[in-house]
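*Asks:* Pasting a structure below so you can have a look.
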Amino acid sequence: MASMNSSCYTVAMDLGVCQLRNLSISFLSSLLSAESSHVQIDNSSSGASVVAIDNKIEQAMDLVKSHLMYAVREEVEVLKEQIKELIERNSQLEQENTLLKTLASPEQMAQFQAQVQTGSPPAPPTAATPGPPSAATLVQPTSHSSGPSA
């Protein structure tokens, strides 16, 4: 079974599906091997054996379905949490952007607009440019916070 796990991805959903696949294969194998020994012993009731095998297969499929639904529900919860964190991060960045726009001088804004239009990288700050403190010194304290602000 370890060789089967080595082909699995480390992403949560892929890992869950792979584990489910391994469980399903093991479960089906045990069901079918138990049922096939019954079929070999009782050849006179082949119709009943086919029905029994069909019932076992249906049970196994129901089990696989329930495990897959559980794995999907878990992944949905993880994705919802990631979306929530991204929305919070986006809101924080929008607030920082608004703050930086209000603190920037008209000359800095004009220079920034020119850079955006030409697609050129930002020029390094010069010591001769008068104005408010650089954006990097203003943003650093908030960008190093590790959790959501209360």
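*Asks:* Below 12 angstrom from the Cβ of E74, what's the summed charge of the other residues (Lys, Arg +1; Asp, Glu -1)?
*Replies:* -1
*Asks:* Let me ask something else. Could you give each residue of the range 94-110 its phi-based ³J(HN,Hα) in whole Hz, using Karplus coefficients 6.51, -1.76, 1.60 with θ = phi - 60°, and x for Gly or Pro?
*Replies:* Whole-Hz 3J(HN,Hα) from phi for the range 94-110: 5, 5, 5, 4, 4, 4, 5, 5, 6, 8, 6, 6, x, 5, 5, 5, 5.
*Asks:* What percentages, rounded to whole numbers, describe P(r) for the range 42-110 computed over all alpha carbon pairs with 5 Å bin width beginning at zero?
*Replies:* Each 5 Å bin holds this share of Cα pairs: 3, 13, 8, 9, 8, 7, 8, 6, 6, 6, 5, 4, 4, 3, 3, 2, 2, 1, 1.
No value in this document is a laboratory result; all are computed from the given coordinates. What you see is a predicted model; the values in this text were computed from it and never measured. Positions of Cβ are generated from backbone atoms using ideal geometry, with glycine treated the same way; all protein chains shown enter the neighbour counts.
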